[in-house]
Amino acid sequence: MFYIHCPYCGEHREEEEFHPKGQAHIARPQEPESCSDEAWGDYLFFRDNPRGIHHELWVHAVGCRKFFNITRHTVSYAILETYKMGEQPTFTAENPEGRPSVAADPASLREGVRA
Amino acid sequence: MSQPRQQANRLAQGGRIDRSRRLSFSFNGQTYQGHAGDTLASALLANGVDIVNRSFKYSRARGIVAAGAEEPNALVQLGDGEAAQVPNVRATQQALYDGLSARSTNGWPNVQRDLMGLVGKLSGSFMPPGFYYKTFMAPASMWLTYEKYIRKSAGLGRSPMEGDPDIYDHLHQHCDVLVVGAGPAGLAAALAAARSGARVIVADEQEEMGGSLLDSRELLDDRPADQWVAETLEALSAMDNVTLLSRTTANGYHDHHFVTLHERRTEHLADTAPRKEGRRQVRSRLHRVRAGRVVLATGAHERPLVYAGNDVPGNLLAGAVSTYIRRYGVVPGQRLVLSTSNDHAYRAALDWVEAGREVVAIADARANPDGELVAEARVKGIRVITGSAVVEAKGDSRVNAARIAPIDIAGFRVVGTAETLACDTIASSGGYSPVIHLASHTGCRPTWRDDRLGFVPNTVPGVAAAGGAQAVYATAEVLDDGVAAGRQAAVEAGFEAVSVSPPQVPARRDGEACALYQVPHEKTTLRAPKQFVDLQNDVTAAGIEVATREGFESIEHVKRYTAMGFGTDQGKLGNINGMAIAARCLGRSIPEVGTTVFRPNYTPVTFGSIVGRHCGELFDPERYTAMHQWHVEQGAAFEDVGQWKRPWYFPRQVDGKTESMDEAVARECLAVREKVGILDASTLGKIDIQGPDAREFLGRVYTNKWAKLAPGRVRYGLMCKDDGMVFDDGTTSCLGDNHFLMTTSTGGAATVMEWLEIWHQTEWPELDVYFNSVTDHWATMTVTGPEARKLMEEVTTDIDLDRDSFKFMDWREGKVAGVPARVFRISFTGELAYEINVQANYALPVWETLFAHGNKYGLTPYGTETMHVLRAEKGFIIAGQDTDGSVTPEDLGMYWAIGYDKPFSWIGKRALTRPDSARAGRKQLVGLKPRDSQVVLEEGAPIVLDPNHAIPMPMEGHVTSSYYSPTLASGFALAVVKGGQQKMGESVYLPMADGQVHEAEIVSTIFLDPKGERQHV
């Protein structure tokens, strides 16, 4: 069971307070009517299933009710970071160690953000 | 019951038992005596009970092998009464209490004489690996028959047939450092971490903390090891930041340092929790620990050697022999032969001799063992036979001799003549396997260490293994390792390191161990007497060899084919030996073969503990409306809708008999159609929506138009997902230009709320709009029927009920029964209807006032079943019943609710023109009228066009809703049928499971009042 840091509440809470909502950063096309059927189908149905770093949308369902993003490793289940809507991840498939300034922050290590 | 027997194997002194307290217990109906401090296993051995079980597959006699969680044989069924039955209890882990009653899990008709035992003896190849797959593969239909008999004879314990009388708790715990295991490493780690100020939890599965120190021969700070244990425990328990949990097994290591600890609080006292000061005690606690750092001081399990006949009672682990002698004052035999690959096991022989019994010989597989313990054994006059091992144990129900032969380990063969020595006990040791189960739960594969002859754990960050769990075995090193791990964990958790000096242990020089797993026999493995690897699952070395010959090369496949490491055992004793044998057969090394994965739980956990208090009425929260008590008093039958308890129907007493549901529903339906009825609709989801962009937002999430809905007006709305499929519907009322009240289906309330939020928060944060769930704040009562207006006129003075000023789909604010209310002219019945919303805590008096005035109009309460019939007569859908996530608004024929020309491409619109959504022949909602009007079609029944078509018939659709209409005096249904909107008047057929075929006509979904005049009156 995950231990999730809600970036809005600023606290770690048990997974049962949260709901997962699938892959993060799936933007609805601005002009759906000009999308091809294929492009619309990709937006609707196609999702990544990576072995490794994955960005996920979660909601603090029985807490602040805010949606936010989690960068999670799908093998170790380690949560590398959580970040608010509109923000970009520090840890990515291309940059798995994260931006140095963040990765080296001992405070985040202690709080188990990288548990 | 016969007379208690003597404890023939109990030593006159020694051990940690309380000799002043005699306890009486029964095993397989025979009464015995033991002492406080005994386990069931030590008490059975004290009484000379050799056979404790019959084996799973071959039904061979089995005795106690180990002294702890790794015991594979001594599984018992515990409990006196039916409700107290506990299956699969390890006798080695069950504390003895007065009156304990246990039976062998296996063995039919009994363990001493076993019919199935013949099967095992008659043919060694009767049950080869993959036996079930090969023998009972076909016909599949016979499997249930086979399984019944296999289970009966195999016996896996049985569940109680009565309810559990005990209560169980769940506790949520947080700590900086969790220490699992309270042996030397765990206690040292706990001390180091606690002294630095960290909050520490120490969990240990045994009756007493101390682990291997409780039966150690060594001195710590020149005193017996158990004295250091007592002092350390005293120091730890005096510290506020330390929680000591004994009788507590860490069973699962889950994500992010979430560890489940299972604390048995009364199982050492009785089979059900005894009362304490008149109160029920909690039988067990499940601690759900979220730890900052974890020290795994879980120790190591001794590996038995694999030799012929190694399962005959009297074959024990060397370390277990020492434990029984030193901790329980029990010598499990008279004449011992020890077979070992290492120095540690010599302790068993030394303890045995000191207990005053005979050690016949020690067979040491090494050519030149030269450690201190070896020398000590020789000084005591024990015969040490080097370069040799026990190749075969003789005996049936008890060992009566050991055959010892010189062996060539590398060549895997016997290289000389065997010597047969009479004995009744064979202790064996092939070294130790670190207990890596918890570390494995984290998903990390262990690493093989050739120098330690074992797998050591790898872990996720924040976890450290210490002591035996890390393949460190010398007591002095174990203590140092524990201190270091505890200190490191505390520092990582943010505390200052504090220096803790472990006690001094005299250094002991041990000789190097050799790698020995399966002992060679004069015959080949396949022809030699059975050499058991996994005693619990009856897996033999030959079985593993056969599996590898048949092409199973992956250890995971070998495991599944042979069942090695299955069941409650989880491979504690046998896994490494099994892997070593597979490696030998495949010509690979152990690390190349690798390990299987250990999974939670470490030892079986009783279901009660997992369930905790979440049973009975606390299984799931129940939600009640403000009128719930009234419904109860009226004798309503209830239906669960989500967590809500909704009145289903209100049966009345007619001529001294209670109405059936059909009778009640017919009466309720006619009351609404002819007079007036009332429904408690409080459970409908209600979402208060405010903000300058509220109207724009509604236009985006609903399929229909909202731009012009004026305050005081109500509109029906349909909601789709972006794939164009309907997922909820309801009405939304305009309370003010920037203020709306949305209603949702009862079951969809939370989903719709989250749906609105996700779109607002993730896609359109620029819209200024706010959502609040007000479902529980407002109680809703629907007054509906031709007489509804007359009734309303009596309970309100400030709402103009004139049909032209308060029209259908209007809402008004005013007082009802003196209480501020919102009244909506919304109709889910097709009749004149007023939905009265009042603040929930005022609702019951309003409801009662309505009845005070309504009786003369025949006001009839109705439930969800009548609601369903009435709405279906009107063709009103229920999202989730008439739709299933594959139905578009067009499929429903609800073109009037689709805003094709709205400026914003609302959720679901684009998908309606996808080829699959737009194609002809989609399933469309239609009405069905059975040709036989008294037939009520089955919901879910498949629809075909040609009932004479060969099976499989092409399915054209299915029934979604079906009822009997008392108004129409006919059955009727809603259904989805391919291209149904173009098939009005055509016949379809519904073949039923019983062979009947119903015929029905496709009709409009609206069965009553097609122009909708009744709701407008």
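Taking the conditions (1) more than 14 Å from chain A (Cβ to nearest Cβ); (2) not in a strand (DSSP E or B) in turn, B:Asp901 satisfies each one other than (1).
Of the listed requirements (1) over 49 Å from the mean Cα position of the chain (by Cα); (2) surrounded by fewer than 18 Cβ atoms within 10 Å (Cβ to Cβ), B:Leu844 misses just one: (1). A residue that is part of a strand (DSSP E or B), modelled with pLDDT of 95 or more and among the hydrophobic types (A, V, I, L, M, F, W, C) occurs nowhere in region B:221-233. Look through region B:257-273, keep the residues that are assigned to a strand (DSSP E or B) and within 14 Å of B:Leu245 (Cβ to Cβ), and return whichever of them is farthest from the other protein chains (Cβ to nearest Cβ). My answer is B:Arg264. Based on what the data block shows, is B:Ser216 over 30 Å from B:Val597 (Cα atoms), touching a residue at least 24 places away in the same chain (Cβ under 8 Å), more than 14 Å from chain A (Cβ to nearest Cβ) and surrounded by 18 or more Cβ atoms within 10 Å (Cβ to Cβ)? The answer is yes for B:Ser216.
Does B:Val500 fit the bill of being under 22 Å from B:Leu305 (Cβ atoms), of a type in the set (A, V, I, L, M, F, W, C) and away from every other protein chain (no Cβ under 14 Å)? Taking the combined requirement at face value, the residue does not satisfy it.
If the condition is being among the β-branched types (Val, Ile, Thr) and under 38 Å from the mean Cα position of the chain (by Cα), then region B:743-794 contributes B:Thr743, B:Thr744, B:Thr746, B:Thr751, B:Val752, B:Ile758, B:Thr762, B:Val774, B:Thr775.
For region B:402-427, a residue qualifies if it is in contact with an Asp or Glu (Cβ under 7 Å, 6 or more places away or on another chain), assigned to a strand (DSSP E or B) and more than 27 Å from B:Ile64 (Cα to Cα), and exactly one does: B:Val414.
Considering region A:17-64, and only residues there that are aliphatic (A, V, I, L, M) and either in contact (Cβ under 8 Å) with a residue 40 or more places away in the chain or not in a loop (DSSP other than H, G, I, E, B) (or both), the residue that is farthest from the other protein chains (Cβ to nearest Cβ) turns out to be A:Ile53.
In the list B:Gly329, B:Gly309, B:Gly252, which residue meets the criterion of being within 14 Å of chain A (Cβ to nearest Cβ) and either under 17 Å from B:Leu40 (Cα atoms) or of a type in the set (Gly, Ala, Ser) (or both)? Outline the logic, then answer.
Values: B:Gly329 fails: within 14 Å of chain A (Cβ to nearest Cβ); B:Gly309 fails: within 14 Å of chain A (Cβ to nearest Cβ).
B:Gly252 is the lone residue from the list that is within 14 Å of chain A (Cβ to nearest Cβ) and either under 17 Å from B:Leu40 (Cα atoms) or of a type in the set (Gly, Ala, Ser) (or both).
The strands (runs of 3 or more DSSP E) falling completely within region B:933-1017 that include 2 or more residues that are at pLDDT 95 or above and within 40 Å of the chain's Cα centre (by Cα) map to B:957-965, B:970-978. Among the residues of region B:30-63, just one is in a loop (DSSP other than H, G, I, E, B) and without any contact (Cβ under 8 Å) to a residue 40 or more places away in the chain, namely B:Val49. Answer yes if at least one residue in region B:834-847 is assigned to a strand (DSSP E or B), out of contact with any Gly (no Cβ under 7 Å at 6 or more places or on another chain) and farther than 15 Å from B:Met792 by Cβ, and no otherwise. The answer is yes, given that some residue of region B:834-847 is assigned to a strand (DSSP E or B), out of contact with any Gly (no Cβ under 7 Å at 6 or more places or on another chain) and farther than 15 Å from B:Met792 by Cβ. Among all residues of region B:850-861, there is at least one that is part of a loop (DSSP other than H, G, I, E, B) and either touching a residue at least 12 places away in the same chain (Cβ under 8 Å) or under 27 Å from B:Thr780 (Cα atoms) (or both).
Answer yes or no: is there a residue in region B:984-1001 that is among the acidic types (Asp, Glu) and touching a His at 6+ places or on another chain (Cβ under 8 Å). No, region B:984-1001 contains no residue that is among the acidic types (Asp, Glu) and touching a His at 6+ places or on another chain (Cβ under 8 Å).
Quick one: how many residues across region B:765-794 are in a helix (DSSP H, G or I) and either within 14 Å of chain A (Cβ to nearest Cβ) or in contact (Cβ under 8 Å) with a residue 40 or more places away in the chain (or both)? I'd like the intermediate steps shown before the answer.
Restricting attention to region B:765-794, the residues satisfying the condition of being in a helix (DSSP H, G or I) are B:788-794.
With either within 14 Å of chain A (Cβ to nearest Cβ) or in contact (Cβ under 8 Å) with a residue 40 or more places away in the chain (or both) added as a condition, the list becomes B:788-792, B:794.
The qualifying residues number 6.
In this structure, does B:Gly921 turn out to be on the phi > 0 side of the Ramachandran plot and surrounded by 14 or more Cβ atoms within 10 Å (Cβ to Cβ)? So B:Gly921 does not fit the description; no.
Residues checked against (1) part of a strand (DSSP E or B); (2) within 14 Å of chain A (Cβ to nearest Cβ); (3) not small (Gly, Ala, Ser):
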position: B:Ala879; (1), (2), (3): no, no, no
position: B:Ser886; (1), (2), (3): no, yes, no
position: B:Ala911; (1), (2), (3): no, yes, no
position: B:Leu925; (1), (2), (3): yes, no, yes
position: B:Leu928; (1), (2), (3): yes, no, yes
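So, in region B:64-92, how many residues would count as being among the aliphatic types (A, V, I, L, M), assigned to a loop (DSSP other than H, G, I, E, B), in contact (Cβ under 8 Å) with a residue 40 or more places away in the chain and under 18 Å from B:Glu207 (Cα atoms)? Counting residues in region B:64-92 that are among the aliphatic types (A, V, I, L, M), assigned to a loop (DSSP other than H, G, I, E, B), in contact (Cβ under 8 Å) with a residue 40 or more places away in the chain and under 18 Å from B:Glu207 (Cα atoms) gives 4. One residue stands out in region B:442-467 among those that are within 12 Å of chain A (Cβ to nearest Cβ) and buried (at least 18 other Cβ atoms within 10 Å of the Cβ): the one that is farthest from B:Glu592 (Cα to Cα), namely B:Gly462.
Output the residue which, of all residues in region A:65-86 that are more than 8 Å from every other protein chain (Cβ to nearest Cβ) and in contact with a Cys (Cβ under 8 Å, 6 or more places away or on another chain), is nearest to B:Pro765 (Cα to Cα).
Filtering region A:65-86 for residues more than 8 Å from every other protein chain (Cβ to nearest Cβ) gives A:68-74, A:80-84.
Filter once more, keeping what is in contact with a Cys (Cβ under 8 Å, 6 or more places away or on another chain): A:68, A:82.
Values: A:Phe68: 13, A:Thr82: 19 Å.
Filtering first and then ranking leaves A:Phe68.
Restricting the search to region B:877-907, which residues are of a type in the set (Phe, Trp, Tyr), surrounded by fewer than 21 Cβ atoms within 10 Å (Cβ to Cβ) and either touching a residue at least 40 places away in the same chain (Cβ under 8 Å) or more than 18 Å from B:Ala918 (Cβ to Cβ) (or both)?
Residues of region B:877-907 of a type in the set (Phe, Trp, Tyr): B:895-896, B:900, B:904, B:906.
Keeping just the survivors that are surrounded by fewer than 21 Cβ atoms within 10 Å (Cβ to Cβ) gives B:895-896, B:900, B:904.
Correct list: B:Trp896, B:Phe904.
Among residues that are in a loop (DSSP other than H, G, I, E, B), basic (Lys, Arg) and either farther than 30 Å from B:Ser660 by Cβ or touching a residue at least 60 places away in the same chain (Cβ under 8 Å) (or both), B:Arg812 is not included. B:Lys523 meets all of the listed conditions (1) at pLDDT below 90; (2) part of a loop (DSSP other than H, G, I, E, B); (3) within 22 Å of B:Ser55 (Cβ to Cβ) but one, namely (1).
Determine whether B:Arg527 is among the basic types (Lys, Arg), away from chain A (no Cβ under 14 Å) and surrounded by fewer than 24 Cβ atoms within 10 Å (Cβ to Cβ). Before you say what the answer is, go through the steps one by one.
Working: among the basic types (Lys, Arg): yes; away from chain A (no Cβ under 14 Å): yes; surrounded by fewer than 24 Cβ atoms within 10 Å (Cβ to Cβ): yes.
So B:Arg527 fits the description; yes.
Looking only at residues of region B:354-394 that are assigned to a helix (DSSP H, G or I) and β-branched (Val, Ile, Thr), we find that the one that is surrounded by the most Cβ atoms within 10 Å (Cβ to Cβ) is B:Val374.
The values are calculated or read from the model by the stated rules, or taken from the named source; none is laboratory data. Bear in mind that the values here come from a model prediction, so they are computed numbers and not experimental data. Virtual Cβ from ideal backbone geometry, glycine too; neighbours counted across all protein chains shown.
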